[in-house]
Amino acid sequence: MPSPKSSGAPVVEWTVSGAWWIEHDRKGETQLAALQASKPGHRFQDRYRRRQESEHGWTDPRRPFYVLGGLILALGSLAFGVLPGPGMLTFFVGVGMIAGEFRPVARLLDWAEVPARELGRWVGGIWGSSVAGKVLIVFVGAICFAVVLWVAYLLLFAG
């Protein structure tokens, strides 16, 4: 009987790397490495296609856990995002989990990735230009944080 690796059947191995679970495909490549190897603007749709090709549809018992876990991470991060900690990072991890199961979410993330990278490069250029650039970035960040707190206050406590 041929082994699953030689028959082309999906083989998933789980390993622990620090505090993160990393899923390996049958070639031993991590999904993170495959995501990084894809071109910006196509990463999440490529990941969606790989997951759909390697899964058994909704009959795979892990698929609902990806969706539910992604929703819990994303919504929890939005709810507790104003608190200190990795709130925004976990939000994007949760949305990325959902994007592996729903193509419209993958397309949205691909659409947003390129402008976000351009904005990051622009902000990085300002940050590296001078001390005044750093002060400007910190000032704008503080204003944005204050606006988020104000909107959260209005949504939670104003009547």
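The values are calculated or read from the model by the stated rules, or taken from the named source; none is laboratory data. Since the structure is predicted, the reported quantities are computational estimates derived from the model, not experimental observations. Counting neighbours? That spans all protein chains shown, and the Cβs are built from the backbone with ideal geometry, glycine included.
Can you say whether ALA106 is touching a residue at least 60 places away in the same chain (Cβ under 8 Å) and either under 17 Å from GLY41 (Cα atoms) or of a type in the set (Gly, Ala, Ser) (or both), as far as the supplied structure shows? Before the answer, list the steps.
Details: touching a residue at least 60 places away in the same chain (Cβ under 8 Å): yes; either under 17 Å from GLY41 (Cα atoms) or of a type in the set (Gly, Ala, Ser) (or both): yes.
Yes; evaluated as a whole, the condition is true for this residue.
I want to confirm something. Restricting to region 63-103 and keeping residues that are over 23 Å from VAL148 (Cα atoms) and exposed (fewer than 13 other Cβ atoms within 10 Å of the Cβ), which single residue is modelled with the lowest pLDDT?
Step by step, filter region 63-103, then rank; the result is PRO64.
Scan region 133-159 for residues that are in contact with a helix residue (DSSP H, G or I) (Cβ under 9 Å, 6 or more places away or on another chain) and of a type outside the set (Val, Ile, Thr) and jot them down.
The answer is GLY133, LYS134, LEU136.
Got a sec? Which of GLY133, GLY141, GLY120, GLY124 is part of a helix (DSSP H, G or I), more than 30 Å from ARG49 (Cβ to Cβ), of a type in the set (Gly, Ala, Ser) and modelled with pLDDT under 90? Show your work before the answer.
Working: GLY133 fails: modelled with pLDDT under 90; GLY120 fails: more than 30 Å from ARG49 (Cβ to Cβ); GLY124 fails: modelled with pLDDT under 90.
Among GLY133, GLY141, GLY120, GLY124, only GLY141 is part of a helix (DSSP H, G or I), more than 30 Å from ARG49 (Cβ to Cβ), of a type in the set (Gly, Ala, Ser) and modelled with pLDDT under 90.
Return the total of residues in region 115-131 being touching a residue at least 60 places away in the same chain (Cβ under 8 Å) and surrounded by 13 or more Cβ atoms within 10 Å (Cβ to Cβ).
From region 115-131, those touching a residue at least 60 places away in the same chain (Cβ under 8 Å) are 117; that's our starting set.
If we keep only those that are surrounded by 13 or more Cβ atoms within 10 Å (Cβ to Cβ) as well, we get none.
Count: 0.
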